[in-house]
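Step one of this worksheet: look at the structure below.
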Amino acid sequence: MPVPSGPAVLSSLTEDLGTSSSSVYCRAGGVWDSPRSNLGAETLGLAAALAGYGLQTGACAAVLGSEGLGTLRANLAVIATGATLLPLDPGISDELLRRVLASSGAAQAIASDERQLSRILSLRPDLPALELVLLDSAAPSERKTAALLVEAAMAVGVGNLSDDPGLLRTATAGSDSGAACFLVDTAGEIRPFSRSSLLEVVDTIAQAVGVARGTTLLAALPVGSAERIGAALAVMSRGATLLLQDPSERPDAGLDQRPADTVLLDVNTLARLHRAWVADIEARPRLGRAATRWALRQGSEAQPDGWKRRVAERLALAGLREKLGGRATRLDVIAVEPGGASSDTELFFRATGLSLRYLFASKARCLAR
């Protein structure tokens, strides 16, 4: 799918999701789900439904859910309507949830499951602006759900698009000067993130990590971050493959089955990956631990001896990199500001033969280490 240019680039990018040839794999319960190659079309169907239910430029819609296809689809659908997305991590406290929903004036909300739905519904009397709540996934039951299901809404949206193919183009007219997201910081403060800034994130990630048709990117980023949304748009606009990790697992889980060409993560996830690999080393028999530590010392040498480095590769270093599937040679790390990970973490991955590169997406620049 060609990447559009011009004054309405982000709205054009999201409108073209329906023609995307990308695949998305989501990991849950220790396995990768079947690939979703129609996620773009589903996103536009949901976006058309949200627009039909009254969501428009200048309005806000919240999405409360963990990693997964449903949350990603909902996030992208809100942006595709031209409205402002409020992406919320399910770990947010009830009080903070009430505060940000009220202060953002969210008109619509999408909950990932019935637990998150009940939290929103319990706060609804204090949220006069909240007009519609959708539920992404309901537990199998004969009882009626307490909110309209996303699946039913998508069916309505697909019908709306069939009747009016230009529906979303009309809905997003003039939206590119507005806010794409309201991002919530650790103190609960809301910060607007413009649509032009989100497009900058998309372009920075795509160009810096080399997203292209046929490549696979693992995005292990916070669910409420603009960079996670930008990474998804970068992949889906270029016909690549996106892997979404289960946050309850280690960051490299399942990559032996689905190798990643590019690994995109934040500083905290990089530290988790470091701890996981160190734990693997410590769990080895005594001779294995000693051999791996010797190999890492060889890898950390500024000018490693040729034969020692070759032995280190065979003993341990190549095996460590295989934890990522054997393709990735670099870890791309989203950092809020210079400083990044601890020196121990940086030295460890450099010793394994993986380079680290920090991306400061909001500033459209990167720094290799």
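A few comments on the model shown:
- Against the chain, whose longest principal axis comes from its Cα atoms, helix 94-104 is set at around 60 degrees.
- Distant-in-sequence amide H partners of G254 (H built 1.01 Å from N, under 5 Å): none
- Other residues with beta-carbon under 15 Å from the beta-carbon of R213 carry, at +1 per Lys or Arg and -1 per Asp or Glu, a net charge of -1.
- For the range 103-161, GluC sites (Glu not before Pro) are listed when DSSP marks them as loop and at most 13 other Cβ atoms sit within 10 Å of their Cβ; the list is E142.
- Residue-wise HN-Hα coupling along the range 44-59, computed from phi with Karplus coefficients 6.51, -1.76, 1.60 (Hz; x: Gly, Pro): 5, x, 5, 4, 5, 5, 4, 5, x, 7, x, 6, 9, 3, x, 8
- For L183, distant residues with modelled amide H under 5 Å away: R191, F193
- 16 Å reach of a label modelled at D126, 7 Å along Cα-to-Cβ, counting backbone N of the range 146-189: 188-189
- Trypsin sites (Lys or Arg not before Pro) restricted to the range 95-182 and DSSP loop, no more than 10 other C-beta within 10 Å: R143, K144
- Principal-axis analysis of the Cα atoms of the chain puts helix 343-352 at an angle of about 70° to the longest axis.
- Separation between Cα centres of the range 137-181 and the range 251-303, rounded to whole Å: 42
- Between L315 and S103, the FRET efficiency estimated from the beta carbon spacing at R0 = 51 angstrom works out to 0.35.
- Largest first, the extents of the alpha carbon coordinates of the range 262-368 on the three principal axes equal 45, 29, 24 Å.
- Amide H contacts of D266 (H built 1.01 Å from N, in plane; Pro and chain starts excluded): I334 sit under 5 Å, all sequence-distant by 5 or more or on other chains.
- Low-density loop positions, GluC sites (Glu not before Pro), the range 283-353 - DSSP coil, at most 16 other Cβ in 10 Å: E301
- Ratio Rg/Rh, restricted to the chain and using Cα atoms, in which Rh is the Kirkwood radius: 1.01
- Converting phi to 3J(HN,Hα) with the Karplus coefficients 6.51, -1.76 and 1.60 and the offset θ = phi - 60°, the range 305-311 yields 5, x, 6, 5, 5, 5, 5 Hz in sequence order, with x at every glycine or proline.
Quick note: the coordinates plus some simple rules give every number you see, no bench work behind them. For clarity, every value in this text was computed on a predicted model and none was experimentally measured. Glycine also receives a Cβ, built like all others from the backbone with ideal geometry; neighbour counts cover every protein chain displayed.
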